[in-house]
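The values are calculated or read from the model by the stated rules, or taken from the named source; none is laboratory data. Quantities reported herein were computed from a predicted structural model and do not represent experimental measurements. When we count neighbours, we look across all protein chains shown, and the Cβ atoms used for this are built from the backbone with ideal geometry, even at glycine. Just the protein is used for accessible areas: all its heavy atoms, side chains included, with ligands, DNA and RNA removed. Shrake-Rupley method; radii C 1.70, N 1.55, O 1.52, S 1.80 Å.
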Amino acid sequence: MAKKKRIIKVNALAFHRAIEVLKKNENKANVMSLHEQPLSTFLENASDYSTALSSIPVEVKVAILMQSGHPAPNPPQLDDDKDMADFGFDDINYLALTKKFNKIAISHNAQADNISVAAVKKCDVVKDCIGLVTNAAAQLINS
Amino acid sequence: MKKILSAIIFLMLSFHTMAQQAVANTQSWFEKNVKISQSMETAEKKEEPAQFQITIPKTDSSSWLINIGISVAIKSKSANWLSKLTGEYHKNTLTDEKQNNVLVGYKALWLFSGKNALDHFIEGDLKYVYDGELTKHSVASNILYTFLTNNGMWNRTKYNSDNSQSMRLSLHGGIQMQHTFQAKTSQSKGFIARPVFNFALYYNLNRKQAAFPPDPALQFSLDYTGRTDAINSTGIKENYTHLLKAGADWFLAYKPVRVSLGASFNYGSDPLKGLAKQQFWLLSINIFKG
């Protein structure tokens, strides 16, 4: 008899942070694995994390691609290590991008920290922006 | 299955500590905080590169063309305000009417309003202006409005479906004020308020590259500024003045600065920058760092 597929809905921000903590510790010994994969990889593959519009990494990549004028933004194709300088954003674009990042953070946590435009301009690569929004949205979750 | 569910629930509930992701700033302070272009007057002028040309003949006097603007960012924790210290130097001895102009000051950019499709900005500056040709010292300020369309091409580069072409537009409108407090001729002294508008268009033919965004190979640009001296207490009436620049750039290098060979047609004047009314063609090496 075929197993019934179960769908578990989880908070996007909490799931993203769980993946980050797992990845951070998976270089150490005695890591938890499942079906011969690291647990973080298993969870990512079993979920729609990489494409879900509610996922912070996807939302941040969409915001960056939209601001850069890409005709058909496709977040999975945007490499995490892509240099932000390659997009050629000027100050007007950075202000608009910062506004969007703050909107993403608040949508996940109404108590999110304010992200400054200076912090966004300091981001060297795309994953720095993802980390910035994640950290802003993570405030008070631990309290 | 129960073990997996337990693990997920445990991780979701046990976030008492989260290591701060270090935003590693591997780029130097210069790369992050310093911009170089032709002018710092408006944000879209980032597309106008600095220009250099110097000839020093054996017997005749030297000839110069320098159009350069440099800005250094000022630290801030704001989400909708950016400010910087700016300096510009414009020297041109190659044309019919010479230009020798220095501007030093402070500039700010404020995102004051916006919804999904449209963001609204105010750009303002306050600067000291020295005109070497007229030996004139002034204090000047621009307060300009502009907007960004989050799906369009106003203050945002938009690419076609295969990224082979891209375009960007900008429109600024506002007021320019200048108070000349010291000059060689007394009729130059006084206060002028000029309503001003600027329209700019940049059209790129891009290199065929897999990575996005592609580097531009050729850029065609058009920049038009119109102004009138609505209030003028000096002895020199300006009436309506305008400045048209139309150009093409062929790009030679992109990082860490963008270098291009450029040709442009210039017609009109810019009283604030000491550019008297004239028309000329210009071929130059251009350098831009955004």
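Quick notes
- Our estimate of slack between B:His137 and B:Tyr267, defined as 0.36 nm per intervening residue step minus the Cα-Cα distance, is 44.3 nm.
- Residues of region B:131-179 buried by at least 40 Å² on assembly (accessible area, 1.4 Å probe, chain alone as reference): B:Arg156
- Rolling a 1.4 angstrom probe over the protein heavy atoms with all chains in place gives region B:132-290 an accessible area of 46 Å² per residue.
- Above-threshold pairs, the threshold being 29 Å between Cα atoms, out of A:Lys127/B:Lys84; B:Lys84/B:Lys237; B:Lys75/B:Lys255: B:Lys84/B:Lys237
- Sites B:Ala217 and B:Tyr89 - FRET efficiency at Förster radius 25 Å, r taken between beta-carbons, to 0.05: 0.25
- Volume per residue of the C-alpha convex hull in region B:146-290, rounded to whole Å³: 134 Å³
- Full extension of the chain segment joining A:His35 with A:Ile8 gains 7.8 nm, where the gain is 0.36 nm per residue of separation less the Cα-Cα distance.
- For region B:121-141 versus region B:199-273, the inter-centroid distance based on Cα atoms is 20 Å.
- The contact between chain B and chain A removes approximately 4400 Å² from the accessible area (both sides summed; 1.4 Å probe; ligands, DNA and RNA excluded).
- For chain A, the longest principal axis of the Cα atoms and the long axis of helix A:56-67 meet at an angle of about 30 degrees.
- Angle between chain A longest axis and helix A:12-25 axis [Cα atoms, degrees, rounded to 10]: 70 degrees
- Between B:His242 and B:Ser161, the simple label model (points 7 Å from Cα in the Cβ direction) yields a spacing of 3.7 nm.
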